[in-house]
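S.K.: Sharing a structure, written as structure tokens. Questions coming.
Just so you know, all these numbers are worked out from the coordinates, no wet-lab data involved. Model, not experiment: these values are computed from the prediction. We place every Cβ from the backbone using ideal geometry, glycine too, and count neighbours over all the protein chains shown.
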Amino acid sequence: MTSSLISEKPLVVSPSLAATIGLEEAVMLSVLNEVALYRSRPSAPLDLDEALVKRLLPFWSDYDIQRISKNLRDQGIILLSSAPFQESRRLTLTFNERAQPSAQTPRAKTPPARTTANLIAPNWQPDAELMRHIAQHNIPDYFVRRQLPEFIAYWRERGETHHSWGAKFLKHLLRQWRAEESDQFRRDQEVPMRAEWRPSRDALEVLVKHANISLAFIEDAIPEFVLYWRERGDITRTWNSKFIQHVKRQWLRYNSAVEHNTEPRRIPEDWQPSQDVYDVLRLANIDLEFARRQVPEFTLYWRDSNQVHSSWNTKFLQHVKFHWARQHALNTPQQAGQDAGQQTSNPESRTRDRSLIQDLTDRSWAR
């Protein structure tokens, strides 16, 4: 009776091969060997694209595939002709037949097993043959020496006996070296903040073209960003992403401060009323074209007067409403009666009753 959980062909891995080259390496080598059997040209390199690699090895990440294939290459078992998997997105390789480990060879080139199990000696050292085998894995001598005291102390405290401490040490050393390589790979990808750091072209494009942020504002933000992260001493692979987030937050704060700034200031030469002003005028049934015609005179007057105000939008609303009301007052029935000769309580309000000088110097709307 078969289990419903096993719906695919299982992977077969030799235990002695796994003990020799590592379990993960043995799994990958087994899969690659099986795929190679179906090549149309046995002598041609094995070329697997990303889709096929992911289908054959779905339980590993891109980083794992790159790491394990590199381990097989470093052990001389395969010859990789493709770039690292995370860059090339494929595996192109040939098998190094002279270096293929035999699944029947237990602990290749390890010291011969002793006839009896022994405790590890306090001054135990790997012999010359074991050191040659370690060198085949490209493990440096300093790393071997660093692992020895901990290895000896651990097994002396446990008081266990083994037939081959050389094989035991090799297994321990390979496991520690793979972990060291993994940590080193991550460290190589992460960098500290440098004094000369600048955002990449892609980061600038995101901020300028997509977020509509001023390039001058971005340039001003770089020194502060660099100083902050240099003082913190963090390392990361995502400095550009951090910078994009930082600038976007600062830009929002800047715009919010400008929009709600109540500090009095002169009117800019190219000043235009905001859209909110036109929305208010529309609600008051004031013709927007009439309002737009008032902008040049309004701007010119206040620039010449050199006065400051906290809200030019409010001033402009008052100006437009005043002139709109005065223009329409001339067309009321009361004004028609005045034109017929009727008396009014405020004759100075009529345009024809004022002089040209009075019209030109009328700035009552500026109060």
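S.K.: So if I take the centroid of the Cα atoms in the range 13-61 and the same for the range 233-301, what is the distance between those two points in Å?
M.R.: Comparing the Cα centres of the range 13-61 and the range 233-301, I get a distance of 61 Å.
S.K.: Also: What's the FRET efficiency of Ala83 with Ser214 using the Cβ-Cβ distance as r and R₀ = 35 Å, to the nearest 0.05?
M.R.: 0.35
S.K.: Which residues' amide hydrogens lie under 5 Å from the amide hydrogen of Ile267, considering only partners 5 or more residues apart or on another chain, with H built in the peptide plane?
M.R.: When sequence neighbours closer than 5 places are left aside, there are no close amide H contacts.
S.K.: A follow-up question, please. Structure shown: which of Lys209/Lys242; Lys209/Lys315; Lys54/Lys242 lie over 26 Å apart, alpha-carbon to alpha-carbon? Each step should come with its number before you reach the end.
M.R.: On the way: Lys209/Lys242 18 Å; Lys209/Lys315 35 Å; Lys54/Lys242 31 Å.
Beyond 26 Å between Cα atoms: Lys209/Lys315; Lys54/Lys242.
S.K.: May I ask you to evaluate 6.51 cos²θ - 1.76 cosθ + 1.60, the Karplus curve with θ = phi - 60°, for each residue of the range 230-236 and list the ³J(HN,Hα) values in order in whole Hz, giving x for glycine and proline?
M.R.: The phi angles translate into 5, 5, 6, x, 6, 10, 7 Hz.
S.K.: If you don't mind, another one. ³J(HN,Hα) across the range 10-23 via Karplus (A = 6.51, B = -1.76, C = 1.60, θ = phi - 60°), whole Hz, x for Gly/Pro?
M.R.: Each residue's phi maps through the Karplus curve to give x, 7, 10, 10, 6, x, 5, 5, 4, 5, 7, 10, x, 5 Hz.
S.K.: To continue, here is another question. Quick check: residue separation of Arg266 and Lys242 times 0.36 nm, minus the Cα distance between them. What number comes out in nm? Write down the numbers at each step before the final one.
M.R.: Working: separation 24, 0.36 × 24 = 8.64 nm, distance 3.71 nm.
Roughly 4.9 nm would be gained on extension.
S.K.: First check a/c for the range 15-99, with a ≥ b ≥ c the square roots of the eigenvalues of its C-alpha gyration tensor; if it is under 1.5, answer rounded, and if not, answer prolate when a/b is larger than b/c or oblate otherwise.
M.R.: Values: a/c = 1.36, a/b = 1.06, b/c = 1.28.
Note, shape of the range 15-99 comes out rounded.
S.K.: Can you give me the long-range amide H partners of Thr236? Hydrogens built in the peptide plane at 1.01 Å from N, cutoff under 5 Å, separation of 5 or more residues or another chain.
M.R.: Amide H to amide H, under 5 Å and 5 or more residues apart or across chains, Thr236 pairs with Val191.
S.K.: Extension gain His163-Arg41, at 0.36 nm per residue separation less the Cα-Cα distance, in nm? Write down the numbers at each step before the final one.
M.R.: On the way: separation 122, 0.36 × 122 = 43.92 nm, distance 4.54 nm.
Gain on extension, His163 to Arg41, equals 39.4 nm.
S.K.: Could you tell me the ratio Rg/Rh of the range 201-259? Both radii from Cα atoms, Rh via Kirkwood. Could the numbers behind the result be given before it?
M.R.: Working: Rg = 11.8 Å, Rh = 12.1 Å.
For the range 201-259, the value is 0.98.
S.K.: Using the Cα centre as the reference, give the magnitude of the dipole from point charges on the C-beta atoms of the range 15-99 (Lys, Arg: +1; Asp, Glu: -1; all else neutral), rounded to the nearest 20 debye. Each step should come with its number before you reach the end.
M.R.: Values: 10 positive and 11 negative charges, 38 e Å.
Around 180 debye, computed over the range 15-99.
S.K.: From the alpha carbon gyration tensor of the range 128-189, can you work out the equivalent ellipsoid semi-axes (sqrt of 5 times each eigenvalue) and give them in Å, largest to smallest?
M.R.: Details: eigenvalues 106, 44, 17 Å².
Sorted largest first and rounded, they come to 23, 15, 9 Å.
S.K.: Under a cut-off of 17 Å between alpha-carbon atoms, report the lysines in cross-link reach of Lys171, not counting same-chain residues fewer than 8 places apart.
M.R.: Counting by Cα, and skipping residues close in sequence, Lys171 has these lysines nearby: Lys109.
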